[in-house]
Amino acid sequence: MNKRLKVVFPGSFDPLTNGHLDIIERALRLFDEVVVGILDNPDKIHLFSGDERVKIIKEQLSIFGDKVHVLSFSGLLVNFLRSLNIHVVIRGLRAISDYDYETQLALMNRQLSGSFDVETIFLVTREENSYISSTMVKQIAELGGDVSLFVPSVVNEALKQKFKIQLGEKR
Ligand code: PNS
């Protein structure tokens, strides 16, 4: 039987950047299906709500057809993986500075998964994406800067809309 290889790419994706897209494209060269798991943690303040992120990301990732699925999750990542019966996680590394946190997360997930056995694979982004972060993108967009080089156009539009709305509300 031909078993499809599946992987989860978890993150906040607040917002999705070209760096994330790069990782998804790389993951598709190794796996048949990628599930993008969007953390919707009520304790964390996000710029885009869980529903907004799912909508924006689904729109952008529709280019990959049924090879990429977009789902939101709350709680522990290992429980999300169990619910999907997927044992592999992909995370992107931009620079050595990501390594500490990412190995800690990978080891913690391995420990928490117990006999379910979760493995984490790190993929390295293209050099031109290595300095992009969602946090910086939000800050630049909020201050009226151009982020079109760092995010797909659907995200760029959503950011413009979001800050126009927020500025409008402040007045
Ligand atoms: O894009 P991010 O914010 O770097 O993604 C971090 C994420 C969502 C992968 C991580 O925070 C996560 O998996 N959170 C869910 C809670 C959990 O399982 N934590 C791991 C043990 S500390």
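All of the numbers you see were taken from the coordinates with simple rules; none came from a lab. Fair warning: this is a prediction, and the values are worked out from it, not measured in the lab. Note: ideal-geometry Cβ built from the backbone for every residue, glycine included; neighbour counts use all protein chains shown.
Worth pointing out:
- Between the Cα long axis of helix 18-28 and the first principal axis of the chain there is an angle of about 20°, rounded to the nearest 10.
- Rounded tilt (10° steps) of 96-113 against the dominant C-alpha axis of the chain: 50 degrees
- With 10 Å bins from 0: P(r) over the chain, alpha-carbon pairs, percent: 9, 37, 37, 13, 3, 0, 0
- About the centre of its Cα atoms, the chain shows a dipole size close to 240 debye [charges on the beta carbon of Lys, Arg (+1) and Asp, Glu (-1) only; nearest 20 debye].
- Calculated FRET efficiency for the pair Lys44/Ser153, C-beta based, R₀ 41 Å, to 0.05: 0.95
- Relative to the dominant Cα principal axis of the chain, helix 153-170 is inclined by about 50°.
- Mean silhouette area of region 1-84, derived from the convex hull of its C-alpha atoms and averaged over all directions, reads 5.8 nm².
- Per residue Cα convex hull volume in Å³ - calculated over region 50-151: 135 Å³
- Efficiency of FRET between Ser115 and Leu30 - r from beta-carbon atoms, R0 25 angstrom, step 0.05: 0.50
- Taking each of Lys44/Lys162; Lys58/Lys164; Lys67/Lys162; Lys67/Lys138 in turn, the alpha-carbon distance tops 21 angstrom for Lys58/Lys164; Lys67/Lys162; Lys67/Lys138.
- Here r is the Cβ-Cβ distance between Leu143 and Lys55 and R0 is 30 Å; the resulting FRET efficiency, rounded to 0.05, is 0.75.
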